[in-house]
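Here's the structure we're looking at; comments come further down.
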Amino acid sequence: MTSRHGSGTGGRRVAPWIIVTAVAAVVVIGAVTAFVLITQDDEQATCSSQVVLQVVAAPAAAPSIEAAAAAFDATGPVARSACVTTDVTTVPGPDAATALAGGWVGEPSQPPAMWFPDSAADLASLESTNSAMTAGRNPAPMAVSPVVLAMSSANANAVAAANLQWRDLPTAAGPTGSITLPDGSKMIVALPDPTMNRATSYALQSVVAGLTGAPADPAAVAANAGSLAAVAAGGPAVPPTTTFDALDQLAVGGAGFAAVPVVAADFAQVQGQHQGLATVTVGGNAAGDQIFGVPITASWVDPTMDDAASTFLAYLRGSSGTAAFTDHGLQVGAGTGVQLADAGPAVATALATAIGSPSGAPAATSPGATAGPDASAGLPSAPAGPTPSG
């Protein structure tokens with residue numbers, strides 16, 4: 001008797017679902033293989049050439065831009081089938097403006113396709129000579145950092161409690177000023193030469209704007225020279241050459257002054273070297289650094305480099321770019337930090353005259369002054385520290 005489970009031929013039939021599954025697997029594997037090969041071919045095709053995006057950044061912008069450029073390059077950016085790498089050169093804003101206006105002739109670095117000035121005055125200087133070179137740029141800064149006052153932590157707490165305003169600084173500071181510090185002394189402010197030190201210039205511009213209700217110009221500075229001299233009253237006969245020198249003296253103690261203006265982002269980068277110091281944000285409109293992202297239109301910028309510049313700008317406007325700025329103490333976002341654009345060298349010279357700075361001869365700089373985040377303040381490069389208080 002033949003079993004019910006037997007077959008007349010002694011073999012077994014293959015279930016149809018097994019055949020369908022096997023065929024489907026072969027199709028899927030084939031599709032995946034084809035996709036990988038096509039993708040590899042596409043990736044190889046997109047990098048048919050190489051382009052170096054030449055970038056020039058002012059000292060206050062350079063640390064952030066260098067960090068962002070390294071992260072940007074790691075994403076494998078492509079512009080017009082060319083793989084992009086970024087080269088960032090630090091050049092002081094006034095020097096870059098002059099070099100760009102002159103066609104970047106005889107400069108040690110390659111001409112840039114992008115410029116990141118840290119001062120609206122430097123940008124205005126170029127645009128007054130060759131506005132077409134920056135045509136189409138975003139008029140708003142990408143990041144900012146206001147001027148603040150640095151002092152000991154104990155004094156900072158007391159001054160912050162007084163709700164100090166820039167317009168009040170002439171009557172609040174100095175030997176007869178209204179602010180008395182915890183040890184019974186007065187708030188004496190050291191003011192490095194404003195023609196060489198942007199933090200001093202920013203602070204005094206903020207005072208003038210607070211007194212007049214308008215941005216500083218040479219006439220307004222001259223009209224308020226007495227008030228500006230009052231800010232400097234009682235300060236050291238020979239002011240510290242740089243902001244960094246002043247911070248050193250404050251950290252050690254016995255400086256003969258209690259406070260010095262400093263750009264907030266600069267302080268953030270060197271705070272770890274100056275334990276016991278903090279900053280106070282002064283009320284009212286403040287001047288400070290303004291970092292602009294400026295694509296350059298010039299004969300040396302070809303379409304590929306222009307496209308690479310646009311791609312880098314888009315990257316900077318995203319979360320990664322924001323992180324690069326904030327990691328270096330800068331502020332990002334509309335309405336933050338800086339309300340007054342730098343008024344430029346003519347105003348800095350007028351401010352120096354008002355406070356009696358010896359700005360006729362170039363001031364000496366501390367070792368490393370040109371290598372740091374602010375050559376004009378003499379701040380050397382340093383890892384970013386915690387955000388200053390106040």
Packing-based ranking, highest mean first, of 155-163, 104-112, 320-328, 140-148 given that Cβ atoms within 10 Å are counted: 140-148, 320-328, 155-163, 104-112
Computed FRET value (nearest 0.05) for residue 105 with residue 135, which takes r as the C-beta separation and R₀ as 22 Å: 0.55
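If DNA, RNA and ligands are ignored and the probe is 1.4 Å, what is the ranking of 243, 212, 304, 129 by accessible area, most exposed first?
The ranking, largest first, comes out as 129, 212, 304, 243.
Grab the Cα-Cα distance for residue 75 and residue 87, subtract it from 0.36 nm times how many residues apart they are, and report the gain in nm with one decimal. Please report the intermediate quantities before stating the final value.
Numbers: separation 12, 0.36 × 12 = 4.32 nm, distance 1.52 nm.
That works out to 2.8 nm of additional length.
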Those residues of region 78-92 whose amide nitrogen sits under 19 Å from the label point placed on residue 327, 7 Å along Cα→Cβ: 85-90
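Give, in nm to one decimal, the length gained when the segment between residue 212 and residue 302 is fully stretched (0.36 nm per residue of separation minus the Cα-Cα distance).
Details: separation 90, 0.36 × 90 = 32.40 nm, distance 4.65 nm.
This chain segment gains 27.7 nm when fully extended.
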Accessible surface of residue 183 - all protein chains present, 1.4 Å probe, nearest 10 Å²: 120 Å²
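Kindly state, as a whole number, the per residue volume in cubic angstrom of the convex hull around the alpha carbon atoms of region 66-161.
Once divided by residue count, the hull of region 66-161 is 179 Å³.
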Segments 131-137, 344-350 sorted - mean Cβ within 10 Å per residue, highest first: 344-350, 131-137
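The values are calculated or read from the model by the stated rules, or taken from the named source; none is laboratory data. Being a predicted model, the structure only gives us computed values, none of them experimental. Ideal geometry is used to build each Cβ from the backbone, glycine not excepted, and the neighbour counts take in all protein chains shown. Remember, those area values only see protein heavy atoms, side chains included, never the ligands or the DNA or RNA. Shrake-Rupley method; radii C 1.70, N 1.55, O 1.52, S 1.80 Å.
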